[in-house]
1. Pop a pseudo-label 7 angstrom from the Cα along the beta-carbon direction at both GLU208 and GLU295 and give the gap in nm to one decimal.
2. GNM on the chain, C-alpha springs below 10 Å: top fluctuator among PHE318, PHE34, PHE273?
3. What does the charge count around THR108 come to, taking other residues whose C-beta lies under 10 Å from its C-beta (Lys +1, Arg +1, Asp -1, Glu -1)?
4. Over all alpha-carbon pairs in the range 3-207, figure out the percentage whose distance exceeds 21 Å.
5. Return the calculated 222 nm mean residue ellipticity for the chain, to the nearest 500 deg cm²/dmol, obtained by summing -39500 (n - 2.57) across DSSP H runs with n ≥ 4 and dividing by the residue count.
6. Angle between the Cα long axis of helix 66-92 and the longest principal axis of the chain, 0 to 90 degrees, nearest 10?
7. Work through the residues other than GLU346 whose Cβ is under 14 Å from its Cβ and net out their charges, Lys, Arg +1 and Asp, Glu -1.
8. Suppose every Lys and Arg Cβ carries +1 and every Asp and Glu Cβ carries -1, with no other charges. What dipole size does the chain come out with about its Cα centre, to the nearest 20 debye?
Amino acid sequence: MPLIHSVRTSLAPHHYEQGELSEALLADWSERYFNPQRILDFQRNVLVGGRCLAVPLDRYSELKGLGDFNDAWLEAAVPMATEAVGQLIADSGLDASEIDALVSTTVTGLAVPSLDARVMNRLPFRRDTKRTPLFGLGCLAGVAGINRVGDYLKGHPTHAAILVSVELCSLTLQKQDLSVANIIASGLFGDGCAAVLMVGDEHPLAQEAPLRWSNPRSAFFGDTERMMGWDVVDSGFKVVLSPEVPDVVANELPGEVESLMTEAGVESERPDFLVAHPGGPKVMRAMETALELDEDALQLSWKSLKEYGNMSSSSVLFVLKDTLEDLPPAGSVGMMAAMGPAFCAELNVLEAMH
């Protein structure tokens, strides 16, 4: 089975405490919203302490439509991706020319040529590097991207591949939208980038890789299109976020986890450790209850949410990085999990090697 070797991250350059961001939103919305205090309550209830933003706070008022927001996305996303990928390669001891496949994912901006192509123009990859851009998977894509890279490496056991995720959620803010979904999103979502190096089990770095990947599992829940996603409008990406998401997590996830563990031949009903996407307090509490988790099972996910907010597909990769820095004992069996637009889930099994 392929292995996860390392993770590197890069943050958007402008950090703000949650209170400062809330006050900025209140200045725009208080005269138009019937209960300004409710805005502050929503901002506090997401339990985010601060977030990094792609552009300075005062610049957001200058961005008027989809074109402006997307230009700002490109301006920030390409350097962030290049930084994370470049550091990942340098720290591994490899050269960019030794990377055989590059997968990129985002749901917060559009680029043609794609993000991975723009990174290849800044780092010395081979011209025959296989590229796969993913778009539209949202929060799901951190785990889905790992799974698709793993699928590739199963067929190419001597290869090395990189997944890079860039999500600049702040550039989807719709200041004219006073829906509950948008107000919650304005307090919950942040900006970040993560890159993951995976290798096949015959690659020279396989012996030192800390996690073995296996048993990718995809679950698509029909007729749930309006649970989560974007409406693409003239002003940019308008959030679709149903209050029923925690219920879907509670109802659907336990059966998928049970099937995953059974197929993997794991005797325990629950994994030893979890690398879970920090979707928000209600989603994580639903996961804790539905899976009957110990109080500290999602500790790293809660930590990531507080420090950075929900960075869509990048968040679970930040949690993966923290997991690698405090690796469970050798032989421990873990699980990666994320849910996202469609509505759907993506899971896999991880085994600690050292």
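Read-outs: derived from the displayed coordinates by stated rules, not from any lab. All figures in this text were calculated on a predicted structure; none of them were measured in a lab. In this analysis, Cβ positions are derived from the backbone assuming ideal geometry, glycine residues included, and neighbour counts consider all displayed protein chains.
1. That separation, rounded to one decimal, is 3.9 nm.
2. Maximum among the listed residues: PHE34.
3. With Lys, Arg at +1 and Asp, Glu at -1, the net is -2.
4. The answer is 55 percent, as a whole percent.
5. On the way: 10 runs with 130 residues, N = 354.
The helix-only estimate for the chain comes to -11500 deg cm²/dmol at 222 nm.
6. So the inclination is approximately 30 degrees.
7. Values: positive: ARG148, ARG217; negative: ASP151, GLU252, GLU256.
Net charge in that neighbourhood comes out at -1.
8. Numbers: 26 positive and 49 negative charges, 162 e Å.
It works out to roughly 780 debye.
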